[in-house]
Amino acid sequence: MIRIRLVPTKTAIPFMRQRVAAFVLSIALIIASIGLYASKGLNYGIDFEGGILIEVGSDQAVDIGKMRNALGNLGLGEVALQEFGRDTDVLIRVERQPGDSTAQQVAVDAVKVALAQEIASKLSYRRVEFVGPKVSGELVEAGTMAMLLAVAAMLIYIWFRFEWQFSVGAVIALVHDVILTIGVFSLLGLEFNLSIIAAILTIIGYSMNDTVVIYDRIRENLRRYRTMPLKELLDLSVNETLARTAMTSVTTLLALLTLFFFGGEVIHGFTFAMMWGVVVGTYSSIFVAGPLLLYFGIRRTDEDAGKDDPSVAKGDSQAIEAD
């Protein structure tokens, strides 16, 4: 059987030696992300801003350019069009109109009339949704609360499973990933909607999974190598889990790349957020979560004190092979 390895079975990369450079890079990116959010903000979608969502189907391929020209002179404010799955389906997003539901319906009627005059093919309107300011405000609050609760739940979980130092390190890595994701969306002006909130929650879970794998190996090695300096022990632990981390990240990225290029415009934002999250999540698990333990004063327990376990070499090789 041919076994594919993205990294060698045994590596000795001095990750802890690069921790200062990694921390400087992370802090700089966090400051830049916060600055971008404060100055530029996010390109909120209809989910958060409110507006009109119209799904249009046709019996033949539609010309997005013609549809955009037809709707651009209606005076409805921002109007965005994108293919929805196939080239015969289009998703139209219209800025929320001043006034009540009657004003929104007038805008929908205007869109239908303009498209009927410009587009020769027969159009069907499969979905028309209105999102008001109250609902969008509630969605913002719910999305923010979901992220905060997810991070808090992770904090409690790691605290009970490991020690408080591990818990704080993992949460700092999670906050790092979330801030950088928000920063890249602000920088690129990509639409930020509920699907991106779902992607961020998935990123939190993915990053935490990577971090827990490394932390678990660190805890094992704290018991095995009872006299090894902590810096060397952390390097050893990260290197032992590096093959597993690399394989998981690459296979996940391959699946996401397929979705990004062939899944259609509607899920581009979600898949981009996921791809970015896999990259920064892997980075933070290795260069943020692990090295932070050096500064939190992690200690070996009294029962771990003494000489190294004589069975370490055998157990270690088996553990590496399993990865």
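Along the axis of the charge dipole computed for the chain (Cβ charges of +1 for Lys and Arg, -1 for Asp and Glu, origin at the Cα centre), the listed residues A153, S285, V94 are led at the positive end by S285.
For the chain, a crude dipole built from +1 on the beta carbon of Lys and Arg and -1 on the beta carbon of Asp and Glu, taken about the Cα centre, is about 880 debye to the nearest 20.
Each Cα pair under 8 Å and six or more residues apart adds its separation to the average, and for region 51-131 the resulting relative contact order is 49 percent. Placing pseudo-labels 7 Å out from each Cα toward the beta carbon at K66 and I172 gives an inter-label distance of 5.9 nm. Non-local lysine pairs in the chain, meaning eight or more places apart or on different chains, with alpha-carbon distances under 25 Å, amount to 9. Relative contact order, whole percent, for region 160-308 stands at 43, derived from Cα pairs under 8 Å and 6 or more residues apart. Taking θ as phi - 60° and the Karplus parameters 6.51, -1.76 and 1.60, the scalar couplings of region 11-22 work out to 10, 9, 6, x, 4, 5, 5, 9, 5, 5, 4, 5 Hz in sequence order, x denoting glycine and proline. Multiplying the residue separation of V250 and A198 by 0.36 nm and removing their Cα-Cα distance gives an extension gain of 16.6 nm. Were the residues from A153 through S101 laid out at 0.36 nm apart, the gain over their Cα-Cα distance would be 14.8 nm. Residue separation of F296 and T11 scaled by 0.36 nm, minus their Cα-Cα distance, works out to 100.0 nm of gained length.
Computed from the coordinates by the stated procedures, all read-outs in this text should not be read as laboratory data. What you see is a predicted model; the values in this text were computed from it and never measured. FYI the Cβ positions are ideal-geometry reconstructions off the backbone, even for glycines, and counts take in every protein chain you see.
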